[in-house]
């Protein structure tokens, strides 16, 4: 949950499921999401509907000798429960955590922290991680014995690791000329 | 849909939603997923439950002058409907498309294509993209006018593009020494 960046939140309305991607952060045993009170999905989730919050990380492709054994390496967490709205100190801590989760160091930079009006225009919800399960697949392919022994079939097998990498930061066209990219931005992804 | 790699499929059982990540491919106006007939979620989806299939790509972080205007750049597709099982030629074409979607060139390499038994041990489902919507956010932050004009607050603003990049391929420990990594693998991600 600390390495992932996008949470896919599932909920159902009149038995039609919806799955929406959103930013998030974990604090202790809770996962926090946020958004506008105008957003329909947040209005629904405020009502404590049963939900599923899933975070998955694609770690790579698994290239086997047989088509059947091709796979992906991944890590995923699936949390079931319902969201509850948070306020006050916990709300501000969650917003800080969501920004710091995306870009460690950003909250402590000179960004303007939320005004009272902005806090009112933001809904922050949390879900307990009490009912959650994790899955992981890693490493090489698991080919069948006959495929391993078939030395006539010359095909490369193994896995290709994937990582989400930053390209060069793109300054806002309105950025003042004398403001350099901060260290935490330049160092992002080199951890 | 052709650039994404993971589909998050949502469905509900007794009003409890579940969201599971899976590989997929698009052919024409359909999105295909596959898996084992032993998997509970595939057994459920075979029954044509209402589902939501969401594919999202995280394109970058948006670093604004105010905490409130921080965001992410992304592209997402949300398709509603139900899955239907496919067989025969269409099933094989879908399996081929799923492997080629992950690693273009792989199906035409010397991998062993599915046997009849393996085809029977695989369920392939498709969902129409008829009822689907796409969302996108790109580019620089959208700061408020007072924040743009506040030249005393020296904070970098802009966006950080992110891409999923391959690391070096990792050969299977059981790989024959004389089989080199194929060109399509070495070239992966350089497109």
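Read-outs: derived from the displayed coordinates by stated rules, not from any lab. Computed from a predicted model, the values in this text were never measured in an experiment. Virtual Cβ from ideal backbone geometry, glycine too; neighbours counted across all protein chains shown.
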In terms of the ratio Rg/(2.2 N^0.38 Å) built on C-alpha atoms, what value belongs to the stretch A:63-130? 1.73
Exam field: residue A:129 pseudo-label spacings to other copies (7 Å along Cα-Cβ), nanometres: 3.5
Using the Kirkwood radius over C-alpha pairs as Rh, can you work out the diffusion coefficient of the stretch B:93-161 via Stokes-Einstein at 10 °C, viscosity 1.306 mPa s, in µm² per second? 89 µm²/s
Find the Rg to Rh ratio for chain A, where Rh is the Kirkwood radius over alpha-carbon pairs and Rg uses the same atoms. 1.08
So the compactness index of the stretch B:8-121, its C-alpha Rg divided by 2.2 N^0.38 Å, takes the value 1.32
Within 10 Å of the Cβ of an average residue in A:146-155, the count of other chain Cβ atoms is 4
For n ≥ 4 DSSP H runs only, could you compute -39500 (n - 2.57) per run for chain A, divide by its residues and tell me the 222 nm figure to the nearest 500? -4500 deg cm²/dmol
Sort A:59, A:109, B:183, B:116 so that the residue with the fewest other Cβ atoms within 10 Å of its own Cβ comes first and the one with the most comes last. B:116, B:183, A:109, A:59
What gaps in nm, shortest first, separate residue A:110 from its twins in the other copies when you place the label 7 Å past Cα toward the beta carbon? 6.3
Which distance in nm do the two modelled labels at residue A:154 and residue A:14 give, with both placed 7 Å along the Cα-to-Cβ direction? 6.1 nm
Dividing the surface of the Cα convex hull of the protein assembly as shown by four yields a projected area in nm² of 20.3 nm²
Using Cα pairs under 8 angstrom and six or more residues apart, how large is the relative contact order of the stretch B:67-191, in percent? 37 percent
Degrees separating the helix A:88-102 axis from the principal Cα axis of chain A, which is the longest one: 40 degrees
When Cβ neighbours within 10 Å are restricted to other protein chains, what is their mean count per residue of peptide B:111-122? 4
May I ask you to derive the relative contact order of the stretch A:41-120, considering only C-alpha pairs under 8 Å and at least 6 residues apart, and to give it as an integer percent? 26 percent
Run the label-point distances for residue B:27 please: 7 Å along Cα to Cβ, every other copy, nanometres, shortest first. 4.9
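Please give the FRET efficiency for residue B:87 paired with residue A:174, using the beta carbon to beta carbon distance and R0 = 45 Å, rounded to the nearest 0.05.
That pair, residue B:87 with residue A:174, gives E of 0.20.
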Report the Cα centroid-to-centroid distance between the stretch A:167-191 and the stretch B:19-79 in angstrom, as an integer. 30 Å
Partner chain coverage, peptide B:4-10 - average Cβ within 10 angstrom: 6
With a point put 7 Å past each Cα toward its Cβ, work out how far residue A:2 is from residue B:144 in nm, to one decimal. 3.4 nm
